[in-house]
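Undergrad: I'd like to ask you about the structure that follows.
Nothing in this text is a laboratory measurement; each read-out follows from the coordinates by a stated rule. If you're wondering where the values come from, they're calculated on a predicted model, not measured in any experiment. Counting neighbours? That spans all protein chains shown, and the Cβs are built from the backbone with ideal geometry, glycine included.
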Amino acid sequence: MIQQLNGQEIEIRGKKLYVERYGDLDKPAILYLHGGPGEGCHDFSFHQAERLGKHFHLILIDQRGVCRSENIKKGEPFGFQDLIDDCEALREHLHIKKWSLIGHSFGGFLALAYVRQHPDSIEKVIFEGPTFDFERTSRSLIKKTAQLLKKYGKYELYEKGLLLAEGENYSIRELTEEYMKLSDELGEHRMEIYRHNHNNPTDYYSFYSEDEWDVFYDRSEHHYNVLREEGKIFDSLLNEIQYVKNPMLLIVGKYDACTCEKHFEVFERDAINGETFIFEESGHTPHYEEAERFKEVVIAYLQS
């Protein structure tokens with residue numbers, strides 16, 4: 001069994017963060033940054049804690065105000081920079097000289113912003129299905145949603161989706177809001193937007209009751225709403241890739257709509273020290289759609 005120090009609440013910059021740690025503390029450290037904003041680290045822990053914890057000192061957090069971390073109170077100062085500052089303060093608190101990052105989805109956006117500000121704190125960065133530009137990601141997701149609506153016979157919504165995806169008169173906030181409305185129309189089929197391989201789901205209720213999940217959801221929704229109102233998450237970071245000298249690996253599921261072609265194109269063109277890898281049987285979440293292969297790719301890259 002791997003060493004496990006999970007469920008800790010650690011006060012970082014005046015706020016309690018939920019932190020899980022796995023593996024030998026003397027091994028190379030990895031910080032996992034979840035997506036959303038506001039998703040939490042549950043699914044990565046469920047599928048990868050044992051796998052990666054055998055080889056690394058794996059650290060997972062629910063970001064400030066998310067799920068099991070202390071809630072952000074109404075009117076409390078909070079913004080995107082707090083998430084970056086929390087990461088760096090946590091590294092110092094744990095007395096880790098350098099760590100590597102795995103950033104999934106929005107966590108990839110956060111990881112890129114973090115490595116730009118603190119390159120000397122980070123060894124390598126793995127981006128898993130990242131979004132570096134919310135507008136491009138939203139348009140790509142709307143296109144995929146439209147195709148699924150067509151698949152399930154909702155032709156008027158399919159046409160609406162295509163117009164939204166190509167329309168030039170929509171702000172990024174409008175696009176994200178319209179995407180959420182359209183995706184809700186898929187009902188029980190909504191996860192097909194993200195997931196290609198449905199054979200390895202996360203059992204969320206093995207951890208917490210439905211009432212507890214309702215509390216976590218409310219916290220995360222407030223976290224997201226505050227970040228959305230601030231607006232910094234809508235700034236494109238694609239141009240920042242060219243300035244990162246740290247080794248970076250971009251991993252994408254073949255069927256992932258979040259990391260659109262432009263993301264891939266810019267990364268391959270601009271990354272000074274970048275590599276790419278495609279998971280052939282995954283959508284947006286290779287860490288559980290192809291969990292064993294994901295582990296192998298991460299180990300090979302970080303130990304090379």
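Undergrad: Set the Förster distance to 30 Å, then compute FRET efficiency between Glu50 and Lys150 from the Cβ-Cβ distance, nearest 0.05.
TA: The calculated FRET efficiency here is 0.15.
Undergrad: Of all chymotrypsin sites (Phe, Trp or Tyr not before Pro) in the range 133-190, which ones are in loop regions per DSSP and have a Cβ with at most 11 other Cβ atoms within 10 Å?
TA: Taking the range 133-190 and a limit of 11 other Cβ atoms within 10 Å, no loop chymotrypsin sites (Phe, Trp or Tyr not before Pro) are found.
Undergrad: Right, another one. Antiparallel versus total DSSP beta bridges in the chain: what percent is that, nearest 5?
TA: About 35 percent, rounded to the nearest 5.
Undergrad: Rounded to the nearest 0.05, what FRET efficiency do Glu159 and Ser236 give with R0 = 30 Å and r taken as the Cβ-Cβ distance? Could you check?
TA: So the FRET efficiency works out to roughly 0.60.
Undergrad: Here is a follow-up. I'd like the FRET efficiency for Ile96 and Ile272, computed as 1/(1 + (r/R0)^6) with the beta carbon distance as r and R0 of 25 Å, rounded to 0.05.
TA: 0.55
Undergrad: Distance cut-off 25 Å, Cα to Cα: go down the list Lys151/Lys181; Lys74/Lys232; Lys97/Lys124; Lys15/Lys295; Lys74/Lys144 and report the pairs above it.
TA: From Lys151/Lys181; Lys74/Lys232; Lys97/Lys124; Lys15/Lys295; Lys74/Lys144, over 25 Å: Lys15/Lys295; Lys74/Lys144.
Undergrad: Compute the convex hull volume of the Cα atoms of the range 117-191, divide it by the residue count, and report the result per residue in Å³ as a whole number.
TA: Roughly 113 Å³ of hull volume per residue.
Undergrad: Treating cross-link reach as a plain straight distance, find the aspartates and glutamates whose alpha-carbon is under 13 Å from the alpha-carbon of Lys154, omitting any fewer than eight places away in the same chain.
TA: Result set, ordered by chain and number: Asp184, Glu185.
Undergrad: Could you work out the Rg to Rh ratio of the chain, with Rh taken as the Kirkwood radius (inverse of the mean 1/r over all Cα pairs)?
TA: That ratio equals 0.94.
Undergrad: Roughly how many nanometres apart are two label points built 7 Å out from the Cα toward the Cβ at Lys254 and Glu168?
TA: 3.6
Undergrad: Binning at 10 angstrom from zero up to the longest distance, how are the C-alpha pair distances of the range 1-67 distributed in percent?
TA: 23, 53, 23, 1
Undergrad: Distance from a point 7 Å along Cα→Cβ of Gln81 to each backbone N in the range 106-146: keep the residues under 16 Å and list them by number.
TA: Only 113-118 pass the distance filter.
Undergrad: Between the range 155-183 and the range 50-66, how many Å separate their Cα centres?
TA: When both Cα centres are located, 35 Å separates them.
Undergrad: Continuing with this model, one more query. Starting from the Cα-Cα distance between Tyr205 and Ile10, subtract it from 0.36 nm times their residue separation and give me the gain in nm to one decimal.
TA: Gain on stretching Tyr205 to Ile10: 67.8 nm.
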